[in-house]
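Rule-based calculations on the coordinates, nothing more; no lab input. Please read all numbers here as calculations on a predicted model, not as lab measurements. No Cβ is skipped: glycine too gets one built from the backbone with ideal geometry, and neighbour counts run over all protein chains shown.
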2 protein chains.
Amino acid sequence: MYQKIFGGRLLAAALILVANGVAAETAPAAKPEHGEYRDWRLLGVSLRHEKNSMRAIVGNDVAINAARAGKTKPWPDGSIIAKIKWAERKHPNWEQASVPGEFTAAEAMVKDSKKYAETGGWGFGIWEGKTLKMYDKEQSAPCFACHSPMKHADYVYTLPNLQ
Amino acid sequence: MYQKIFGGRLLAAALILVANGVAAETAPAAKPEHGEYRDWRLLGVSLRHEKNSMRAIVGNDVAINAARAGKTKPWPDGSIIAKIKWAERKHPNWEQASVPGEFTAAEAMVKDSKKYAETGGWGFGIWEGKTLKMYDKEQSAPCFACHSPMKHADYVYTLPNLQ
């Protein structure tokens, strides 16, 4: 569809501009549409230096209640944890501070000990705009592998910070 | 009261241990009591590298509604923005990630364009447990000075990230 509109050459030129960060400076990405996680309460924050990625981790009511009660080993069925990710950038007026740049994605861990028994009771997914789309078994495999070092904390990296 | 319980010498020794970070490693600080900001929704996150300080910035309903509507120049009266601060630490299972360590403080900016007219319409304060205690004029002066470079954004460093 984009090819039909722009033609192949123009599209290629646009992609090169984006890759060089030129387009990002002159024409910010369209305002993203966020899912329900936008109204959830905070569990934690993180900065992954090796990915230049800033994150906020929020939870639905089931997850927040479990975290505040210290009952997260295991997290109860119905818990949903959302990881909201942005590119890291320097604050334009305070260069020693890293703050969120462009929104990159919001991903979910959904606890259902029966449905997702093969991956520690957790299903993995990603919000596409307002809709949470769960990954299939193959797509979930790398998520689960990366979370496996946290088996002792029910596979969750975030250690709740507002208990 | 502490002197009565511990005696002056023991207290002094304990303070030295804390200052050296020994007590912090062996006996974590008591669970902090948080204010109402714990239930507020997210505006942004930051890491101030020069202070090794991780932050989450949340807002009350007035502030969140203003941010989502893009009506923050100026933020409306009644807006309260809370900055929740933790010491930065490496995630114990993912050393390339900075995550919150000990909770250090939660501070507030409260918008009341008449009451706080001399400091850009903002009052500054700090939560002591569940209670928000506003700073007096003298205590507020360094807060306002530090926020003055953001006059173009109504003195707020946080650029809302979930609009």
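Quick notes on this structure:
- Sorted from closest to farthest, the other copies place their B:Ala30 label points 5.3 nm away, with each point set 7 Å from Cα along Cα→Cβ.
- Nm distances between copies for B:Val62, ranked from closest, using label points 7 Å along Cα→Cβ: 3.6
- Taken residue by residue and averaged, Cβ atoms of other chains lying within 10 Å of the Cβ of B:46-52 number 5.
- Karplus (6.51, -1.76, 1.60) ³J(HN,Hα), θ = phi - 60°, over the stretch B:95-106, in Hz, Gly and Pro reported as x: 6, 7, 10, 8, 9, x, x, 5, 5, 10, 5, 10
- Computed 3J(HN,Hα) for the stretch B:120-134, one whole-Hz value per residue from the Karplus formula 6.51 cos²θ - 1.76 cosθ + 1.60 where θ = phi - 60°, is x, x, 10, x, 10, x, 9, 7, 10, x, 7, 9, 7, 9, 7, glycine and proline marked x.
- Between B:Glu36 and B:Ala145, the simple spin-label model (points 7 angstrom out along Cα→Cβ) gives 3.1 nm.
- Amide proton proximity set for A:Ala105, modelled H, under 5 Å, gap of 5+: A:Lys85
- Along the stretch B:76-89 the Karplus relation, 6.51 cos²θ - 1.76 cosθ + 1.60 evaluated at θ = phi - 60°, assigns HN-Hα couplings of x, 4, x, 5, 10, 10, 10, 10, 9, 10, 10, 5, 6, 9 Hz to successive residues, with x for each Gly and Pro.
- Counting, for every residue in B:70-76, the Cβ atoms of other protein chains within 10 Å of its Cβ and taking the mean gives 0.
- Inter-probe distance in nm under a simple model that places probes 7 Å from Cα toward Cβ, at B:Gln163 and A:Lys73: 4.3
- By average C-beta atoms within 10 angstrom, highest first, the peptides B:67-74, B:45-52, A:42-49: A:42-49, B:45-52, B:67-74
- Nearest-first distances (nm) between copies at B:Lys133, label 7 Å from Cα via Cβ: 5.2
- Using only alpha carbons, the stretch A:65-163 has a radius of gyration to Kirkwood radius ratio (Rg to Rh) of 1.03.
- Long-range amide H partners of A:Trp94 with built H, under 5 Å: none
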